[in-house]
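A short worksheet on the structure shown next.
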Amino acid sequence: MPIKHKHWEFEILKSTDIVNIQFAITHRRDHAGLNVELALFGYGIHFMIYDGRHWNWASSSWEK
């Protein structure tokens, strides 16, 4: 099942940022996935969807 190891997080944040935009997509590493953060005038949102498994560099596959 492709979504078996997927997790997601959503946060509403209070920060010191006037403007902040961050976007990242990672793969072939521990907890790889999508990470988005947007902030404006001290308030922001952060969203992540990621794989909960760890990457095994020796075998180039997910650890079991």
> Tell me, which residue of segment 13-64 that is among the basic types (Lys, Arg) and either in a strand (DSSP E or B) or surrounded by 13 or more Cβ atoms within 10 Å (Cβ to Cβ) (or both) is modelled with the lowest pLDDT?
Replying inline: Arg53
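Take segment 1-52 and flag every residue that is among the aromatic types (Phe, Trp, Tyr) and in contact with a Phe, Trp or Tyr (Cβ under 6 Å, 6 or more places away or on another chain). Please lay out each step first, then the result.
Taking segment 1-52 first, the residues among the aromatic types (Phe, Trp, Tyr) are 8, 10, 23, 41, 43, 47, 50.
Within segment 1-52, Phe10, Phe47 meet the criteria.
Take the residues in segment 1-12 that are among the aliphatic types (A, V, I, L, M) and under 30 Å from Lys64 (Cβ atoms); name whichever of them is modelled with the lowest pLDDT. Let's see the steps before the verdict.
As a first pass, look at segment 1-12 and keep what is among the aliphatic types (A, V, I, L, M): 1, 3, 12.
Restricting the remaining residues to those that are under 30 Å from Lys64 (Cβ atoms) gives 1, 3.
Details: Met1: 49, Ile3: 78.
Only one residue tops the list, namely Met1.
The values are calculated or read from the model by the stated rules, or taken from the named source; none is laboratory data. Keep in mind that this is a model prediction, so the values were computed, not measured. Virtual Cβ from ideal backbone geometry, glycine too; neighbours counted across all protein chains shown.
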